[in-house]
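> Sharing a structure here in structure tokens format.
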Amino acid sequence: ITGESQLLLQAARDETGTRIDRFEIVTTGTDLRGRATLASDGSTVDLTARLLDAGLILDGVSGPVGLTLGARQQAETWSITLDAEAPGQTTARLTGTVTGDGIDLLLAEGQISAQLGDLSPWSTLAGRPLSGAARLSVDASGDLLARSGTAKGNLNGQNLRLDIPTADTLLRGDSSLNFEIRQTPEGMTILDLVELRTPQGVTDVTGRVSANDSRLRFDAYIRDIGLLTPELSGPASAQPRMGSA
């Protein structure tokens, strides 16, 4: 925090709880504002944060960053909405609920959607030139104390370039990654569906992974093996299996 800064706080407490009617931290590069009502079973929190230049915290990234948080409590359940904006035409939203006291019960469910219109502003941070666009959607739920849950979603890309020659060749054009994954309380990850689809081919992965028992099945097809091995040409497919016990 450099330059002039300002802190404002207006709060009160009575028999119903604590109210923060105004909370502000304003500097030459940041703007943080919020208000809240804190009660035993009916709390609310609203917060907005703005950073004029992401380069203040992320080396090589420039442009404004914004966060907007809204949280509402009803009994043991918190409903949360978080919106974000960042360089590269990046927007994201998280909505969900968290239920429980964190000791005997802690359940969570939510949805995440994000869009990156241009990956190039993140190149310096990634340490390699990036380009293309991507869109992400995820639905997840789980028991946090039991470390179990499910997640499903998809990642769609347009002309993604990661400065990895083989990957760039396969990801040229429109690509999609669809997944459905489960985690059991015993520590096993079950891949019900992991599918990568591009104009150049399709790869499916199913199976399970754990410390003591893993089984994976791959089903891959590429329309022209010459994209990977110039000495060969034509379509190719493979169905390898991997396992450990």
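Since every read-out is calculated from the coordinates, none of them should be taken as a lab result. Since this is a predicted model, take the numbers as computed values, not measurements. No Cβ is skipped: glycine too gets one built from the backbone with ideal geometry, and neighbour counts run over all protein chains shown.
> In the range 196-221, how many are in contact with a Pro (Cβ under 7 Å, 6 or more places away or on another chain) and of a type in the set (A, V, I, L, M)?
Result for the range 196-221: 0.
> Right, next: From the list T150, T124, exactly one residue is surrounded by fewer than 16 Cβ atoms within 10 Å (Cβ to Cβ) and among the β-branched types (V, I, T). Which is it?
The unique qualifying residue is T150.
> If you don't mind, there's one more thing I want to ask. Restricting the range 127-156 to residues that are among the aliphatic types (A, V, I, L, M) and out of contact with any Leu (no Cβ under 8 Å at 6 or more places or on another chain), which is nearest to A167 (Cα to Cα)?
Result: V138.
> Return the residue satisfying two criteria in turn: it lies in the range 109-121 and is free of Cβ contacts under 8 Å to residues at least 40 places away in the same chain and assigned to a strand (DSSP E or B), and of such residues it is farthest from D83 (Cα to Cα). Show your work before the answer.
Taking the range 109-121 and keeping what is free of Cβ contacts under 8 Å to residues at least 40 places away in the same chain, we get 109-111, 113-118, 120.
With the extra rule that they be assigned to a strand (DSSP E or B), the set shrinks to 109-111, 113-116.
Values: E109: 17, G110: 13, Q111: 12, S113: 10, A114: 10, Q115: 12, L116: 14 Å.
Among residues in the range 109-121 that are free of Cβ contacts under 8 Å to residues at least 40 places away in the same chain and assigned to a strand (DSSP E or B), the one farthest from D83 (Cα to Cα) is E109.
> Looking at G226, G234, G142, G207, can you tell me which residue is among the small types (G, A, S), crowded, with 16+ Cβ neighbours inside 10 Å, more than 28 Å from L94 (Cα to Cα) and out of contact with any Cys (no Cβ under 6 Å at 6 or more places or on another chain)?
G207
> Enumerate the strands (runs of 3 or more DSSP E) found wholly within the range 1-72, keeping only those where 2 or more residues are small (G, A, S), farther than 21 Å from R93 by Cα and out of contact with any Phe, Trp or Tyr (no Cβ under 7 Å at 6 or more places or on another chain).
Of the strands (runs of 3 or more DSSP E) lying wholly inside the range 1-72, those with at least 2 residues that are small (G, A, S), farther than 21 Å from R93 by Cα and out of contact with any Phe, Trp or Tyr (no Cβ under 7 Å at 6 or more places or on another chain) span 5-14.
> Please work out which one of (1) touching a Ser or Thr at 6+ places or on another chain (Cβ under 6 Å); (2) surrounded by 16 or more Cβ atoms within 10 Å (Cβ to Cβ) is the condition V45 fails and give its number.
Exception for V45: condition (1).
> Moving to a separate point now. All but one of (1) surrounded by 15 or more Cβ atoms within 10 Å (Cβ to Cβ); (2) at positive phi hold for A114; which doesn't?
Here A114 meets the rest and fails (2).
> Now for a different question. Working only within the range 9-20, note down all residues that are closer than 26 Å to E76 by Cβ and surrounded by fewer than 16 Cβ atoms within 10 Å (Cβ to Cβ).
First, the residues of the range 9-20 that are closer than 26 Å to E76 by Cβ: 11-20.
Result: A11, A12, R13, D14, E15, T16, G17, T18.
> Any idea how many residues of the range 192-239 are within 26 Å of T169 (Cα to Cα), in contact with a strand residue (DSSP E or B) (Cβ under 8 Å, 6 or more places away or on another chain) and not in a loop (DSSP other than H, G, I, E, B)?
Count: 23.
The rows are residues; the columns are (1) touching a residue at least 12 places away in the same chain (Cβ under 8 Å); (2) touching a Gly at 6+ places or on another chain (Cβ under 8 Å).
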{"position": "G149", "(1), (2)": "yes, yes"}
{"position": "N159", "(1), (2)": "yes, yes"}
{"position": "D163", "(1), (2)": "yes, no"}
{"position": "D168", "(1), (2)": "no, no"}
{"position": "S176", "(1), (2)": "yes, yes"}
{"position": "L193", "(1), (2)": "yes, no"}
{"position": "L196", "(1), (2)": "yes, no"}
{"position": "A211", "(1), (2)": "yes, yes"}
{"position": "D224", "(1), (2)": "yes, yes"}
